[in-house]
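Report on one structure; see the data block that follows.
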Amino acid sequence: MKDLIKKTKDQIIIDFGIEQSTTNDIDEEALLALLSDQVAYYIEYDLEFLFSSLYRLDIKEQKVKEVLGARAEEPTNIAIAKLILARQKQRVYTKEVYKQKPIEDLDEELKF
């Protein structure tokens, strides 16, 4: 499980431009706080990038509309960060579960 969080953290760092120096040995709660701050920044200064990232991560539009709605229970940046974190964890888990083993008897000319 700890490996899942580490891989999720690494992917979020890449996707959202979070400084790696601030993410050494952090837990899921601290990662959520960092991601929430980054999402708040994107809401303020680069909303197009944020929506593009949500689309690219395949976060359901309906879920995004719910957290942006007037009846939302949490601040928008935290709610969006939770959606991102949940989706990234799901993606990392899926990659691990369905990881393909290398083909051992593949001809040299066909290897990349």
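Does any residue in the stretch 75-88 that is more than 16 Å from Y41 (Cβ to Cβ) come within less than 8 Å, Cβ to Cβ, of a residue that is among the basic types (K, R) six or more places away or on a different chain, and which pairs are these?
Filtered contacts from the stretch 75-88: L83/K63.
For the structure I just gave you, tell me whether E28 is more than 14 Å from I80 (Cβ to Cβ), of a type outside the set (S, T, N, Q) and modelled with pLDDT of 85 or more.
It is true that E28 is more than 14 Å from I80 (Cβ to Cβ), of a type outside the set (S, T, N, Q) and modelled with pLDDT of 85 or more.
Select from the stretch 63-105 the residues that are in contact with a helix residue (DSSP H, G or I) (Cβ under 9 Å, 6 or more places away or on another chain) and of a type in the set (D, E) and list them in ascending order.
Scanning the stretch 63-105 gives E66, E73, E74, E96.
Within the stretch 35-53, is there a residue that is at pLDDT below 90, exposed (fewer than 10 other Cβ atoms within 10 Å of the Cβ) and assigned to a helix (DSSP H, G or I)?
no
Go through (1) modelled with pLDDT of 90 or more; (2) farther than 27 Å from E96 by Cα; (3) not in a helix (DSSP H, G or I) for I59 and report which single condition fails.
Checking I59 against (1) modelled with pLDDT of 90 or more; (2) farther than 27 Å from E96 by Cα; (3) not in a helix (DSSP H, G or I), the one that fails is (2).
The values are calculated or read from the model by the stated rules, or taken from the named source; none is laboratory data. Computed from a prediction, not measured in an experiment: that's the story for all the values here. Methodologically, a virtual Cβ is constructed for each residue, glycine included, from the backbone with ideal geometry; neighbour enumeration extends over all protein chains shown.
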